[in-house]
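Notes for the one structure printed next.
Just so you know, all these numbers are worked out from the coordinates, no wet-lab data involved. Keep in mind that this is a model prediction, so the values were computed, not measured. Don't worry about glycine lacking a Cβ; one is built from the backbone with ideal geometry, like all the others, and counts go over all protein chains shown.
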Amino acid sequence: MALLLASAAVVGLLLGCLIRGPQPLIERKYPRIAVSAAYLRDAQNKELSTHTRMRCVFESVYFCCIEVAERHGCRVAHVGHPSLDVIRAGLVEMKEVGELVAAIEVLANWAGDANPLLPPLRLRDACKLAVRVHAATVSMLS
């Protein structure tokens with residue numbers, strides 16, 4: 001019975017890999033970027049609740065910021081989640097300023113408070129923000 005279950009799990013994993021296609025090199029080299037991409041896909045999934053999608057937006061951005069901040073010398077191993085310092089360090093290295101930084105800080109404060117209400121951002125705008133940060137991070141790491 002255990003062998004049958006293990007075989008089914010392996011078949012399921014292989015089918016999932018075939019459906020998704022090969023993982024991009026950047027995601028193999030930087031696993032946090034793969035996590036960010038997965039959160040970004042979920043943020044755009046209309047079958048999920050708005051609250052879940054907004055949280056996915058934040059997590060996608062946060063994983064990008066962690067990768068960039070660590071690459072530029074910021075120690076992230078023992079930092080609490082979410083950390084505005086990590087976010088700011090990542091965004092500074094990406095050369096992001098102004099409204100984008102303010103919007104991400106709003107998301108970070110919302111995520112840190114575990115607020116059951118949505119942050120004062122439109123989901124569509126938040127998704128665009130996450131796509132922009134993800135693209136900037138991939139460009140920087142490539």
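Counting neighbouring beta carbons within 10 Å and listing from fewest to most, the residues D42, D85 come out as D85, D42. Counted over all Cα-Cα pairs of segment 24-141, pairs farther apart than 23 Å make up 21 percent.
Hey, which lysines would be in cross-link range of K46, C-alpha to C-alpha under 23 Å, not counting anything within fewer than 8 residues on its own chain? Once the sequence-local lysines are set aside, what remains near K46 is K128.
Taken about its Cα centre, segment 24-141 carries a charge dipole of about 300 debye when Lys and Arg each add +1 at the Cβ and Asp and Glu each add -1 at the Cβ. For segment 40-89, the fraction of alpha-carbon pairs lying more than 17 Å apart is 39 percent, rounded to a whole number.
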